[in-house]
1. How many residues are basic (Lys, Arg) and either buried (at least 16 other Cβ atoms within 10 Å of the Cβ) or touching a strand residue (DSSP E or B) at 6+ places or on another chain (Cβ under 9 Å) (or both) when one looks only at the stretch 213-255?
2. Given the conditions (1) open to solvent by less than 20 Å² (accessible area, probe 1.4 Å); (2) over 24 Å from residue 455 (Cβ atoms); (3) within 25 Å of the chain's Cα centre (by Cα), and given that residue 279 satisfies all but one, which numbered condition is not satisfied?
3. Which residue pairs have Cβ atoms closer than 8 Å, lie 6 or more positions apart in sequence or on different chains, and pair a first residue in the stretch 275-297 that is part of a loop (DSSP other than H, G, I, E, B) with a second residue that is of a type in the set (Val, Ile, Thr) and open to solvent by 10 Å² or more (accessible area, probe 1.4 Å)?
4. Out of curiosity, is residue 455 within 29 Å of residue 383 (Cβ to Cβ), among the small types (Gly, Ala, Ser) and open to solvent by less than 60 Å² (accessible area, probe 1.4 Å)?
5. Anything in the stretch 418-438 that is open to solvent by 60 Å² or more (accessible area, probe 1.4 Å) and either modelled with pLDDT of 95 or more or among the acidic types (Asp, Glu) (or both)? List them, or say none.
6. Out of all the residues in the stretch 396-443, which are within 30 Å of residue 276 (Cα to Cα) and of a type in the set (Val, Ile, Thr)?
7. If I ask for residues that are among the hydrophobic types (A, V, I, L, M, F, W, C) and either more than 22 Å from the chain's Cα centre (by Cα) or open to solvent by 10 Å² or more (accessible area, probe 1.4 Å) (or both), which ones from the stretch 177-192 would you list?
8. Tell me yes or no: at least one residue of the stretch 420-439 is part of a helix (DSSP H, G or I), over 30 Å from residue 311 (Cα atoms), in contact (Cβ under 8 Å) with a residue 40 or more places away in the chain and under 27 Å from the mean Cα position of the chain (by Cα).
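The values are calculated or read from the model by the stated rules, or taken from the named source; none is laboratory data. Keep in mind the model is a prediction, meaning the values are calculated, not measured. For neighbour counting, all protein chains shown are included, and Cβ atoms are generated from backbone atoms with ideal geometry for every residue, glycine included. Ligands, DNA and RNA are stripped out before the accessible areas are found, and what is left, the full protein with its side chains, is counted by its heavy atoms. Shrake-Rupley method; radii C 1.70, N 1.55, O 1.52, S 1.80 Å.
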Amino acid sequence: MQSHQKTLAVKTLSLVIASLLFGACSFNEVKKPDINYADNYSVIPAQSELENAVVVDSNWWQSFQSPALNELMQAAQQQSPDLLMSAERVRQAELQMRIANATLFPSLSASASTGESRSKADGESSYARGESSRVGVNVSYEVDLWGGVAANRASARAGYDATRFDQDAATLSIKAAIAGGWFDWLALQERIATARKNIAIAERVQNIVDARYRNGAATAAEVAQQKTNLLSQQASLLPLELQARQTQSALAILLGKTPQEFTLASEQLLDINVPEVAAGTPADLVTRRPDLAASEADLRAANANIHAARAALLPGISIGASAGKSASELFSLNPATQSTGWTLSLAQTLFNGGRLVNQKRLSEARRSELVLQYHKAILTALQEVDNALVSADVSQRQEVSQREIVANAERSLQLTEARYRAGTDDLLSLLDSQRSLFQAQDSLVQQRLARLNAAVDLYKSLGGGWTLTTN
């Protein structure tokens, strides 16, 4: 009898070892989408630009050389509700992974029971009472013979990784939104100042036209025309002020502050540095973006789920052991009276209406969908980088052209002022030249904003200096 038990124990131990080895198999193999990567992006920078290009790192916003922006980023890291919520989601995924990893260990439970029974034999007038109490310990362990338990653990791990990468992607998006909002607010401040200068010019022109009208040198139509121009200039200021306030409020929410208490320190938009960014090659992009890493982790989870679904179709083996004593035996401290036992059980589902088979097919279909999603995510990422590079190139050339327009407007104003002082030109021409200069400067501010936003988009599309970290 003892020899039979030893043989059975050896076989059981062999099954356990085999299951552990099988469960240690990797579920991380992901079928990569078949993509023909180009050698370069659509916009190839000049050699001089490559020499001055900066490498994307995790503190990419510092390349704009804006002290106020650096302070905003530091505050966001500590107070942003979106960043704090994403951190909590990662914590939840980590706890889910720990729950799944608990299957590595056997289950241990304790039990205690007490009861009373009464019986009455035929012919007897009283009941006979009996009491029974018992305590016991049970140990059970599911043998992962087919790797199903290991697959569930791998799926939970991949889910945790995906959530962690999603947090990195969310952090990048929020910081890009903060940088873009900051630049928008600065541009609006510049445009509001220009609009107020234009209003001041329109008011001066209105005074001149009114004086000429009173002296009979202007018509009522000219007065009405200039009044319309002044009202239009005043009306154009209101939307800019509204946008500035809304932009400031949006930044306050991103930073976890109330709009009423939030203030911004002003800087000159044209003084902010526009970095030249080294984009690398398209093939490098897959390893640089956290959202693509999250998609790959989802694929790993899908692979593990398929393996778990397949293992569910096969027999399950569990080992159990128990030990217990009755109350009288417990107090007698007599080990000879202790009751022990162990079990080895095998379970196989014979019929369940096709639920397990269809679950496997569902897992396979889900993986096929995720492969297509991963493929599309890579294509979208390549498109975003390409668009950002084109936008950065075009906006840079437009700013150069707009600077020439501003220079010519300044030259025109200088000549008009000289003619006005010489008495060969009237004040209206001088004021019109001033207004043209202010409008050109307003367009230059918008072009600089376009360049800054293009740089932010490029940093974001390149992953913001993200690198894969393992926990």
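1. Initial filter on the stretch 213-255 (basic (Lys, Arg)): 214, 227, 245.
From what is left, the residues that are either buried (at least 16 other Cβ atoms within 10 Å of the Cβ) or touching a strand residue (DSSP E or B) at 6+ places or on another chain (Cβ under 9 Å) (or both) are none.
Matching residues across the stretch 213-255 total 0.
2. Result: residue 279 fails condition (2) only.
3. 275/54; 276/54; 278/54; 278/55; 278/56; 288/56
4. So residue 455 passes the test.
5. Selection gives 426, 432.
6. Taking the stretch 396-443 as the starting set, the residues that turn out to be within 30 Å of residue 276 (Cα to Cα) are 396-410, 437-443.
Answer for the stretch 396-443, where residues must be within 30 Å of residue 276 (Cα to Cα) and of a type in the set (Val, Ile, Thr): 400, 405, 406.
7. 177, 185, 186, 187, 188, 192
8. No - not one qualifying residue is present in the stretch 420-439.
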